[in-house]
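First, the structure itself, so that you have it in front of you.
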Amino acid sequence: MPNYWLMKSEPDAFSIDDLKRLTQSPWDGVRNYQARNFMKEMKVDDLIFFYHSSCSPAGIVGVAKVCKEAYPDHTSWDPNSPYFDAKSTPEKPRWFMVDVAFVEKWSSILTLAELKQSPALADMVLTQKGSRLSVMPISSDEWDYITAILKK
C-alpha cells in the first residue's frame, strides 16, 4: 500500500506540464531539513499530489508518483547551481532528492482556498497557518477525501 505525499513547485520553475512532457524527473533543490527527511521516507510507487505554489491561484493540479527513492542531491555540490551548499559533499551529502513520474494532470486546479474551506481537511499540514514545507505527508483519509472531491 503506498504512502501519500504533497510536493510543491512554482509552476514557472517546474510545472505539472513540465513533468508530463518529461514523463519523469528528479525532484531536486529541496533545502529544508524536514522536507528532506520526508523525501528520505518516500518509497517507489508512493503517490504525490502535485501542488503549484507561489502563483494565483495556488493549489493541487495533478498526481505524480515516486519512481526512485531518495539519493544524494548532486546540485548541492555544484557551485554554479542556485542550490549549492558548500557544507554538502559527495562523501557527506546533506541534501537528497527523489525521482517522480507523471500520473495525471487535472482539468482544473483544486485551490488552497477550497482545501481550507473543508472541515475534513482542518488537520492537513498544508491547510495549517504558516505551513511552508515543500514536501509533506498526506494521510490516507485526506488523500481519499481530496480524490473524491474530483469525482463529483
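Do you know which of the residues in region 117-152 that are part of a loop (DSSP other than H, G, I, E, B) and more than 17 Å from TRP5 (Cα to Cα) is farthest from the chain's Cα centre (by Cα)?
LYS152
For SER9, only one of the following conditions fails: (1) touching a strand residue (DSSP E or B) at 6+ places or on another chain (Cβ under 6 Å); (2) buried (at least 18 other Cβ atoms within 10 Å of the Cβ); (3) not hydrophobic (A, V, I, L, M, F, W, C). What is its number?
(1)
Counting just the residues of region 105-152 that are within 23 Å of VAL30 (Cβ to Cβ) and among the polar types (S, T, N, Q), which one comes out surrounded by the most Cβ atoms within 10 Å (Cβ to Cβ)?
It comes out as SER134.
Within region 92-104, is even one residue among the small types (Gly, Ala, Ser), at pLDDT 95 or above and crowded, with 19+ Cβ neighbours inside 10 Å?
no
Could you check region 12-43 and list, in sequence order, the residues that are open to solvent by 70 Å² or more (accessible area, probe 1.4 Å) and touching a residue at least 12 places away in the same chain (Cβ under 8 Å)?
Scanning region 12-43 gives ASP12, ASP17, LYS20, LEU22, THR23, GLN24, ARG31, GLN34, LYS40, GLU41, LYS43.
If you scan region 69-91, which residues turn out to be open to solvent by less than 30 Å² (accessible area, probe 1.4 Å) and not β-branched (Val, Ile, Thr)?
ASP73, SER76, SER81, ASP85, SER88
The values are calculated or read from the model by the stated rules, or taken from the named source; none is laboratory data. Bear in mind that the values here come from a model prediction, so they are computed numbers and not experimental data. Ideal geometry is used to build each Cβ from the backbone, glycine not excepted, and the neighbour counts take in all protein chains shown. These area figures cover heavy atoms from the full protein model, side chains too; ligands, DNA and RNA do not enter into them. Shrake-Rupley method; radii C 1.70, N 1.55, O 1.52, S 1.80 Å.
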